[in-house]
Amino acid sequence: MLEGLLSADAGALYDAMVRSGPVPLDDPRAASPEMRELIDRGFVRRDYRDDPVLAPMEPVRAVDHAILGAQQRLVEQQRQIVSARQQLDMLQTVYRATYGGGSDAAVEVLSDPQRIGALSLELCLSAKEEFLTFTTRHFKRKPDANTAMALPEAVTERGVRLRNVYERAALEFEGAKGVVEASIAAGWIMRVAPELPMKMVIADQHSALLPLDPSGMEGAVFVRSPTIVAGLRMLFELVWSQAVPIGDGGQQRHGLTPTQAKVLDLLATGMTDGAIARHLDVSERTVRRHVQGLLDALQADNRVAAVHAATRLGWLG
């Protein structure tokens with residue numbers, strides 16, 4: 001009961017109190033470690049109005065209070081990680097200056113999947129200005145809108161700019177719309193490119209993480225060379241400049257309806273009618289109708305010509 005918020009025994013005691021009522025102070029359970037845990041965590045209160053008892057708090061209030069406390073502890077842990085990373089950089093500089101030499105680890109090959117996953121989070125936490133990513137179609141588990149692109153508050157509250165480029169095929173699965181919407185709600189600026197050479201994560205000017213295999217979990221290269229990171233940032237900016245924005249297509253543009261604007265954005269990425277339909281939660285017939293409306297508005301004979309015309313008019317990019 002309430003796993004993660006209470007120990008198993010304390011959760012069982014709280015459940016029993018909710019069902020059967022308060023516990024008198026002379027009850028052996030009143031002095032138990034489980035009861036002390038419930039009192040300390042706000043699940044039980046002392047009531048002296050009549051006969052002194054230990055009474056359970058209303059579950060919604062108790063659980064909300066416990067969740068808030070857990071969230072505050074997580075934020076503090078994230079801040080500690082950021083502080084530790086900053087102190088590590090300082091100590092590493094001092095160490096090299098004192099002992100002279102040693103490997104500067106400008107490029108490090110990693111093979112442990114857990115280390116690779118943890119490093120991605122560490123890079124995110126270390127970012128002070130920008131966090132940049134490429135997302136390809138190669139993933140072991142289909143992204144979930146409940147967790148996609150979510151970032152700790154320790155990052156977003158610092159005003160870090162978050163930019164991601166999706167490979168078109170990475171959005172051609174059921175549920176992609178929810179992933180994009182969740183990502184934008186988390187603060188990401190999103191674009192789509194027809195293809196990407198690889199996954200990639202870049203934190204500010206100092207670090208990057210690149211995969212050795214398509215999924216990025218069998219091996220990766222951790223780069224701290226300023227020269228290489230600068231080159232990777234140039235690659236990102238080049239792809240970014242040519243990618244198509246997504247997520248803001250609902251705005252009125254040059255007489256287009258909100259849905260037509262969204263269809264145009266997705267059409268420019270090269271998505272099929274079926275993929276666009278899944279992304280917008282409409283039928284393929286509806287998509288074809290909107291595409292025809294775009295062709296008429298742009299005076300284009302086909303989709304490729306429509307995208308070129310929209311680009312020349314500044315409707316894209």
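Per the conditions (1) buried (at least 18 other Cβ atoms within 10 Å of the Cβ); (2) modelled with pLDDT of 80 or more, the sole criterion not satisfied by V109 is (1). Among residues that are touching a Pro at 6+ places or on another chain (Cβ under 8 Å) and part of a helix (DSSP H, G or I), V18 is included. Count of the stretch 1-32 residues, restricted to those that are free of Cβ contacts under 8 Å to residues at least 24 places away in the same chain and among the aliphatic types (A, V, I, L, M), is 5. Taking the listed residues R163, R158, the one that is within 17 Å of the chain's Cα centre (by Cα), at pLDDT 70 or above, within 18 Å of F236 (Cβ to Cβ) and not assigned by TED's automatic domain parsing to the domain that holds D265 is R163, with no other qualifying. In this structure, is R73 assigned to a helix (DSSP H, G or I), of a type outside the set (D, E), without any contact (Cβ under 8 Å) to a residue 60 or more places away in the chain and exposed (fewer than 12 other Cβ atoms within 10 Å of the Cβ)? It is true that R73 is assigned to a helix (DSSP H, G or I), of a type outside the set (D, E), without any contact (Cβ under 8 Å) to a residue 60 or more places away in the chain and exposed (fewer than 12 other Cβ atoms within 10 Å of the Cβ). Restricted to the stretch 261-317, the set of helices (runs of 4 or more DSSP H) holding at least 3 residues that are buried (at least 16 other Cβ atoms within 10 Å of the Cβ) and either assigned by TED's automatic domain parsing to the domain that holds R191 or among the small types (G, A, S) (or both) comprises 303-312.
When the stretch 1-49 is limited to residues that are surrounded by fewer than 13 Cβ atoms within 10 Å (Cβ to Cβ) and of a type in the set (K, R), the one that is nearest to A70 (Cα to Cα) turns out to be R46. Hey, among the residues in the stretch 212-238 that are under 17 Å from E167 (Cα atoms) and at pLDDT below 90, which one's surrounded by the most Cβ atoms within 10 Å (Cβ to Cβ)? This residue is G216. Every condition in (1) surrounded by fewer than 21 Cβ atoms within 10 Å (Cβ to Cβ); (2) at pLDDT 65 or above; (3) not aromatic (F, W, Y) holds for N146 except the one numbered (2). Given the criteria free of Cβ contacts under 8 Å to residues at least 60 places away in the same chain and either in contact with a Lys or Arg (Cβ under 8 Å, 6 or more places away or on another chain) or buried (at least 18 other Cβ atoms within 10 Å of the Cβ) (or both), does M190 qualify? It is true that M190 is free of Cβ contacts under 8 Å to residues at least 60 places away in the same chain and either in contact with a Lys or Arg (Cβ under 8 Å, 6 or more places away or on another chain) or buried (at least 18 other Cβ atoms within 10 Å of the Cβ) (or both). Limited to the stretch 126-143, what total is found for residues that are surrounded by 15 or more Cβ atoms within 10 Å (Cβ to Cβ), modelled with pLDDT of 80 or more and either not assigned by TED's automatic domain parsing to the domain that holds F236 or not polar (S, T, N, Q) (or both)? Residues in the stretch 126-143 being surrounded by 15 or more Cβ atoms within 10 Å (Cβ to Cβ), modelled with pLDDT of 80 or more and either not assigned by TED's automatic domain parsing to the domain that holds F236 or not polar (S, T, N, Q) (or both): 7 in total. Scanning the stretch 287-317 for residues that are at pLDDT below 75, within 16 Å of K262 (Cβ to Cβ) and not aromatic (F, W, Y) yields L316, G317. Taking each residue of the stretch 168-184 that is in contact (Cβ under 8 Å) with a residue 60 or more places away in the chain and looking for partners that are surrounded by 16 or more Cβ atoms within 10 Å (Cβ to Cβ) and among the hydroxyl-bearing types (S, T, Y) with beta-carbon atoms closer than 6 Å, six or more apart or interchain, yields R168/T269.
The values are calculated or read from the model by the stated rules, or taken from the named source; none is laboratory data. Being a predicted model, the structure only gives us computed values, none of them experimental. Using ideal geometry, Cβ is built from the backbone for each residue, glycine included, and neighbour counts are taken over all protein chains shown.
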